[in-house]
Amino acid sequence: MKNLILAILSGILLAISWPTYGFPLFIFFAFIPLLLAEFRIRNYSEKWNKLKVFGLSYFSFFIWNLITTYWIYFSTPFGGVFAILANSLLMSIVFLLYHIVAKRTGFSAASAFLISIWMVFERIHLNWDFSWPWLNLGNVFSEFISWVQWYEYTGTFGGTLWVWLVNIAVFKSILQFREFKDRGIIYRSILKVSLLILLPIGISLILYYNYEEPQEKLDVVILQPNINPYTEKYNTTDSRIGELLLKLSERSVTDSTDLVIAPETVFADGTRLSNLENSEAVFFGQQISRINPDLSFLGGLSMFERFNDPEKVRKQTNQIRPNDWYDDYNSAFITRNSIDSTQLYHKSKLVVGVENFPYQNILKPILGDVMIDLGGTVAMKTTQEEREVLWVKDELGTAPIICYESVYGEYVTGYVENGAGFLSIITNDAWWGNTQGHQQHLSYARLRAVETRRYVARSANTGISAIINSRGNIVKKLGYEKQGSINGQIGISTEKTFYVNYGDYIPRIAQFLALFIFLFSVVKFKRKRPA
């Protein structure tokens, strides 16, 4: 019963740490109850140890996942249940691996393994087909952005490392005090833990207050049409949507406006790729661009291309019937008065299930056409390999980040590497209703601003649209379910941060450390076993 209470306490502490409703200081102590429960089982339980550790950790992580991401259920019950149960399972497996290694090694090696294997788990979640990095630990500081300005050097994995170092330091002090009953251990622990927490915050505040804003500016108008995707978006026409966007633009655009931004798949009729230049989306984009001679328009649209040639079939191609296929795209486009052709980018980091059927060859024979609807239209989306920059002016490009892509730190650096002077995020967060989902999604965009030191212009269909500066502060925003626009200035930068240049180097190091410790513990254990 005591172990169960400890597991519940860890789950609650993890949950109340999370943005946008929690306080991240709790995260520094959230894993300690679970670590204590595992220690009790490892040292004082005689049987079923692995099962006990797995069960307790699963219960703890289930509480965390349920409280923080319950809102997925509002998009689809199946998707919500699957995401919560599966992610809790994966976290529990990671913790079970720690238990196995801890039985065979000392405290330092086991702790290093736990930190490393957790970061390996988070990195896998950024790259595999079941990608769901929403609860990666470094995201926890997104509402307290002044604490983690050093993310420009480490990315969010620096936050993951920070969280685990503090938790393990406190855990070690508790174990030492239990063994030696020395009050001096408590005082030294308070000093050590205080330094571990306050020193990184102090460094961050120095970076925060000494950061110089970019001098070059761009005037933008961000549109928020507030179209309900369940009752309006796919039941209206691109022509009507275009007229609404044109009306909102004419109210907001001034003589100095350089760019108008509209949300993801705002044009949702399904434009044929080969007929793009004659589409309603491009027509209204050009109409908006003509309000000012130097005005550009960036927006989102749904596209497809149907064909009969089997040589064009790709991994993500959808088949209608024999010898009849189509590619489906969730795309961003820019129209400019100075050039006739339309620039395109196809979303390439896809929402699990609804845009990407993971491991289709294995799962489709088992599940059929069951999809995990996390937001969007149910079809396999076709992607592109490169993070393409769309050019607002001849020498000024922006990152056309579409929805879910904004959760991926190293992925976003690809746009900056290719010349993006600022980040544009176009999204549709209405699928989850007025819950923490859309608020957390906005909050995570602040992390991308710090990592890349780029301004963010965010257009969300139903909100929250915003301008975020390169410190990660929200400069302007338009609330959820409000129709309107935001006028503001975006800073332009050409500098590349350490993180942009080197990406997620911390988990790359961690994966080798985790493998080394695991192999060492197995070999050491076998040597100790009697012949």
Is it true that GLN215 is more than 27 Å from the chain's Cα centre (by Cα) and not in a helix (DSSP H, G or I)? yes
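Where in region 256-308 are the strands (runs of 3 or more DSSP E), entirely inside, with at least 1 residues that are in the same structural domain as THR236 (by TED's automatic domain parsing) and among the polar types (S, T, N, Q)? Walk me through how you get there before you give the answer.
Values: elements: 259-261, 267-272, 296-307.
Filter on region 256-308 gives 267-272, 296-307.
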Among the residues of region 7-38, write down those that are part of a helix (DSSP H, G or I) and over 24 Å from SER194 (Cβ atoms). ALA7, ILE8, GLY11, ALA15, ALA37, GLU38
With out of contact with any strand residue (DSSP E or B) (no Cβ under 8 Å at 6 or more places or on another chain) and surrounded by fewer than 19 Cβ atoms within 10 Å (Cβ to Cβ) as the only criterion, which of LEU35, LEU51, LEU56 stands out? LEU51
Residues of region 336-355 being over 17 Å from LEU298 (Cβ atoms), modelled with pLDDT under 80 and among the aliphatic types (A, V, I, L, M), in sequence order, are VAL351, VAL352, VAL354
GLN483 passes all but one of the listed conditions (1) touching a residue at least 40 places away in the same chain (Cβ under 8 Å); (2) closer than 30 Å to TRP118 by Cα; the exception is number (2)
Listed residues GLY503, GLY491; which is in contact (Cβ under 8 Å) with a residue 40 or more places away in the chain and either in contact with a Phe, Trp or Tyr (Cβ under 7 Å, 6 or more places away or on another chain) or surrounded by 23 or more Cβ atoms within 10 Å (Cβ to Cβ) (or both)? GLY491
Any chance you could count how many residues in region 103-118 are over 18 Å from ARG508 (Cα atoms), assigned to a helix (DSSP H, G or I) and either of a type in the set (Ser, Thr, Tyr) or outside the structural domain of LEU519 (by TED's automatic domain parsing) (or both)? 1
Out of (1) in contact with a helix residue (DSSP H, G or I) (Cβ under 7 Å, 6 or more places away or on another chain); (2) among the β-branched types (Val, Ile, Thr); (3) modelled with pLDDT under 90, the one THR377 does not meet is (1)
Here is a list: PHE78, PHE74, PHE82. Which entry is touching a Gly at 6+ places or on another chain (Cβ under 7 Å) and either modelled with pLDDT under 95 or surrounded by fewer than 17 Cβ atoms within 10 Å (Cβ to Cβ) (or both)? PHE74
Just to check your reading of the model, which residue among ARG446, ARG471, ARG454 is more than 18 Å from SER348 (Cα to Cα) and part of a helix (DSSP H, G or I)? ARG446
Checked against (1) modelled with pLDDT under 95; (2) among the charged types (D, E, K, R); (3) crowded, with 19+ Cβ neighbours inside 10 Å, GLU410 satisfies every condition except (1)
Can you pull out every residue in region 119-143 that is among the small types (Gly, Ala, Ser) and either outside the structural domain of ILE517 (by TED's automatic domain parsing) or farther than 16 Å from THR69 by Cβ (or both)? GLY138
When region 133-151 is examined, which residues are found to be surrounded by fewer than 23 Cβ atoms within 10 Å (Cβ to Cβ) and more than 20 Å from PHE26 (Cβ to Cβ)? PRO133, TRP150
Just need a number here: residues in region 70-114 that are touching a Leu at 6+ places or on another chain (Cβ under 6 Å) and within 18 Å of PHE171 (Cα to Cα). 1
Scan PHE157, PHE130 and give me the residue that is within 27 Å of GLU410 (Cα to Cα), under 14 Å from the mean Cα position of the chain (by Cα) and not in a helix (DSSP H, G or I). PHE130
Could you check, for region 237-247, whether at least one of its residues is crowded, with 19+ Cβ neighbours inside 10 Å and closer than 17 Å to LYS477 by Cα? no
For region 411-430, check the following and say yes or no: at least one residue is of a type in the set (Val, Ile, Thr), in a loop (DSSP other than H, G, I, E, B) and touching a residue at least 40 places away in the same chain (Cβ under 8 Å). no
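The values are calculated or read from the model by the stated rules, or taken from the named source; none is laboratory data. These numbers come from a predicted model, not from an experiment. Cβ coordinates were reconstructed from backbone atoms using ideal geometry, including for glycine residues, and neighbour counts include every protein chain displayed.
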